[in-house]
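Notes to accompany the following structure.
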Amino acid sequence: MTRRRQRSFQPAVFLRKMGAKSFIALFREGHTISAQGDPGREVFYIEKGHVKLTVKSKRGKETVLAILHRGNYFGAGCMTGQAFCTVAATALTRCTILVIAKKEMTRALHNGHEFSDHFIGCLLGRNIRIEEDLIDQHLSSCEERLARALLLVARYDKIKKPTAVIPKISQRTLGGLIGSARSRVCYFMNKFKKLGYIEYGERLRVHNSSLSGVLKDSIFSDLRASRPN
């Protein structure tokens, strides 16, 4: 499946045509979609909105693993025998989520080549993103990690707009996402704002070309060349 066809593919329509049982769930900002430790029985597909994935240790320490958007799957671990959800998924904005039971997902993958191509493409894209995030953590400065995170939430690699309006993300969440203290995030957010790279009030406005200049000396100097899902 080509990238263009993959982007236009609609899992809900395909599943409905093949008679697979799935349903659309709506979540308000801040609502839990799935909790860490829940039985792993379903795969989730984001049709609209942003979802935050977090994990908490037994000692109560919590970190942010990723911020996902339209076209991303999560909960796919159940397809490989993962009995429980290892992460929590929370609606960062209002979300429309396609919920697919494990049994129906298995049937769709076995019987629908177009669907399986789409699903594998999404998982490979997510795997590339995880690899890039790991490289970012080891080789980039806090300022570069924050700039890249904002650009990716703004989907700069996919949506070629000079300015993107994204959900206002708390500095605590951004700190967990890039592996840095909230105070460092606060410092660089203020710096980006003074330089005119971002604006924030109720929503966060990212000036993509200006902010991407922060990455000029990093391994992600050409963010558009990366292919996160």
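The values are calculated or read from the model by the stated rules, or taken from the named source; none is laboratory data. In this text, all values refer to a predicted model and were calculated from it rather than measured experimentally. Cβ sites come from the backbone with ideal geometry, for glycine too, and all protein chains shown count toward neighbours. Each accessible area value is taken on the protein alone, full model and side chains, heavy atoms only, with ligands, DNA and RNA left out. Shrake-Rupley method; radii C 1.70, N 1.55, O 1.52, S 1.80 Å.
For this structure, a couple of remarks:
- Screening Leu134 against (1) part of a helix (DSSP H, G or I); (2) under 30 Å from Val165 (Cβ atoms); (3) touching a residue at least 12 places away in the same chain (Cβ under 8 Å) leaves a single unmet condition, (3).
- Residue in segment 154-169 that is assigned to a helix (DSSP H, G or I) and surrounded by fewer than 14 Cβ atoms within 10 Å (Cβ to Cβ) present: no
- Among the residues of segment 19-64, those that are free of Cβ contacts under 8 Å to residues at least 40 places away in the same chain, in contact with a strand residue (DSSP E or B) (Cβ under 9 Å, 6 or more places away or on another chain) and not polar (S, T, N, Q) comprise Leu53, Val55, Lys56.
- Considering segment 15-37, and only residues there that are in a loop (DSSP other than H, G, I, E, B), of a type in the set (Gly, Ala, Ser) and closer than 17 Å to Ala101 by Cβ, the residue that is most open to solvent (accessible area, probe 1.4 Å) turns out to be Gly19.
- Among (1) aliphatic (A, V, I, L, M); (2) within 30 Å of Leu151 (Cα to Cα); (3) without any contact (Cβ under 8 Å) to a residue 24 or more places away in the chain; (4) surrounded by fewer than 18 Cβ atoms within 10 Å (Cβ to Cβ) - the single one Leu68 does not satisfy: (4)
- Only one of the numbered conditions (1) touching a residue at least 60 places away in the same chain (Cβ under 8 Å); (2) buried (at least 21 other Cβ atoms within 10 Å of the Cβ); (3) outside any loop (DSSP other than H, G, I, E, B) is violated by Gly176, and that is (2).
- The set of residues in segment 205-221 being open to solvent by 30 Å² or more (accessible area, probe 1.4 Å) and not in a helix (DSSP H, G or I) consists of Arg205, His207, Lys216, Asp217, Ile219, Ser221.
- The number of residues in segment 133-143 that are over 16 Å from Val64 (Cα atoms) and either of a type in the set (Lys, Arg) or open to solvent by less than 30 Å² (accessible area, probe 1.4 Å) (or both) comes to 1.
- Among (1) at pLDDT 95 or above; (2) touching a helix residue (DSSP H, G or I) at 6+ places or on another chain (Cβ under 8 Å) - the single one Glu62 does not satisfy: (1)
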